[in-house]
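The values are calculated or read from the model by the stated rules, or taken from the named source; none is laboratory data. Keep in mind that what you see is a predicted model, and the values were worked out from it rather than measured. Cβ: placed from backbone, ideal geometry, glycine included. Neighbour counts: every protein chain shown. Accessible surface areas use protein heavy atoms only, side chains included; no ligands, DNA or RNA. Shrake-Rupley method; radii C 1.70, N 1.55, O 1.52, S 1.80 Å.
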Amino acid sequence: MDVANLVLPVFAIIVTGWLAGWSGYVSRSLADGLVHFAYNVAMPALLVVTIAQEPARNLLQWRFLLAFGGGSVLCFALVFLAVRARRGLASSTIHGMAAAMTNTGFVALPILHSIYGQPAVLPAAICTVFVAGVMFPAAVILLEREAHGGPGRSVRPAALAKQILLNPMVLSTLVGLAWAIAGLPIPAPVAAYLTIFAAALTPCALFAIGLGLSVLGLRSNLRTSLILAAVKLVVMPLIVYGLCLVTGLDPLYTIAAVVCAAVPTAKTVYILAGEYKVEEPLVAATVSITTLLSVPTLLIWLTLLS
């Protein structure tokens, strides 16, 4: 019931956005503006305030990072290579991220906290940092390479590095990490200011997903989305669980790693897709389907792990 109570409202916001667009109550053209705000303002604020307030030593749980991060990277690589044989770099990147980038901050963390209490928050935070510090920059690098190094154009390393470092996702992650390493507390007014923007991410991103979703787009991408959902909700947690056994993680961290792997595709993949105009209908469909299917799959995983 805890899982259902947390996941169903997320899916309900997506449905609300879709109903608003379908009925004409809200123009579908506003979806781009919401995505742009979420990508450039709300998500960076969340990354800074989340990472900066975590002690640096707590972010370096190597066995846990190997289990969760290894599963994430492996799933991304499998899907990326399978799609790369017939699609471009940007499309392959988005496919891979839809199957491997997990919604730790807004689904896994509250689920773990509500069931296992405060001790389960740290591993969820570490997963969030991994997604922000490794998966996002990797996606941005590949997408920027496609955007600035297409056919007939050469990629200048300095220009590409500048573009990546100034990307809001990467820059905010670096600021948060630098602050955490320095060990300085965030002033209360600054933390409150960032938290207000961060709180806008969930409604903006989820509503934008629904607003940009059409039944035609869902049907046309249903088969691919179901395959990506199977990788995200079944294959990835299995791989992570196997790595947890190999590395000898304790039970709580094993549960946290598998739950973080088994939650829906991160809505920020849709923000990336919208920002770079790549596979937006596919990602919207995948986020919606994984959000819906994660209710029974998470209940199964939690039952088996407990």
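Restricting attention to the stretch 51-63 and to residues that are assigned to a helix (DSSP H, G or I) and open to solvent by 40 Å² or more (accessible area, probe 1.4 Å), the residue that is nearest to Tyr253 (Cα to Cα) turns out to be Arg63. Screening Arg57, Arg86, Arg63 for residues that are basic (Lys, Arg) and in contact (Cβ under 8 Å) with a residue 40 or more places away in the chain leaves exactly one candidate, Arg63. Annotation: of all residues in the stretch 221-263 being touching a Gly at 6+ places or on another chain (Cβ under 6 Å) and open to solvent by 10 Å² or more (accessible area, probe 1.4 Å), the one that is farthest from Val35 (Cα to Cα) is Leu243. Could you say whether any residue in the stretch 131-144 is at pLDDT below 80 and buried (at least 21 other Cβ atoms within 10 Å of the Cβ)? Yes - at least one qualifying residue is present in the stretch 131-144. Only a single item in (1) farther than 18 Å from Ile300 by Cα; (2) out of contact with any Ser or Thr (no Cβ under 9 Å at 6 or more places or on another chain); (3) touching a residue at least 60 places away in the same chain (Cβ under 8 Å) is not met by Val235, and it is number (1).
Here the condition is being assigned to a helix (DSSP H, G or I), of a type in the set (A, V, I, L, M, F, W, C), open to solvent by 70 Å² or more (accessible area, probe 1.4 Å) and modelled with pLDDT under 85; of Leu8, Leu66, it holds for Leu8 alone. A Cβ distance below 7 Å, combined with a sequence gap of six or more or placement on separate chains, defines the contacts here; from the stretch 262-289, residues that are over 18 Å from Pro110 (Cβ atoms) and modelled with pLDDT under 85 reach residues that are among the aromatic types (Phe, Trp, Tyr) and open to solvent by less than 10 Å² (accessible area, probe 1.4 Å) in the pairs Ile271/Tyr39; Glu275/Tyr39.
Just for the stretch 114-128: of the residues that are closer than 22 Å to Ala56 by Cα and either free of Cβ contacts under 8 Å to residues at least 12 places away in the same chain or of a type in the set (Phe, Trp, Tyr) (or both), which one is most open to solvent (accessible area, probe 1.4 Å)? Show your work before the answer.
Narrowing the stretch 114-128 to residues closer than 22 Å to Ala56 by Cα: 117-128.
From what's left, either free of Cβ contacts under 8 Å to residues at least 12 places away in the same chain or of a type in the set (Phe, Trp, Tyr) (or both): 117-118.
Values: Gly117: 22, Gln118: 125 Å².
Here the answer is Gln118.
Restricting to the stretch 264-306, name every residue that is open to solvent by 20 Å² or more (accessible area, probe 1.4 Å) and basic (Lys, Arg). Across the stretch 264-306, the qualifying residue is only Lys277. Residues that are at pLDDT 80 or above and buried (at least 20 other Cβ atoms within 10 Å of the Cβ): does the stretch 105-113 have at least one? Within the stretch 105-113 (the criterion being at pLDDT 80 or above and buried (at least 20 other Cβ atoms within 10 Å of the Cβ)), the answer is yes, since at least one residue qualifies.
Pairs linking a residue in the stretch 176-192 that is more than 11 Å from Glu54 (Cα to Cα) to a residue that is outside any helix (DSSP H, G or I), with Cβ atoms under 6 Å and 6 or more positions apart or on different chains, do not occur.
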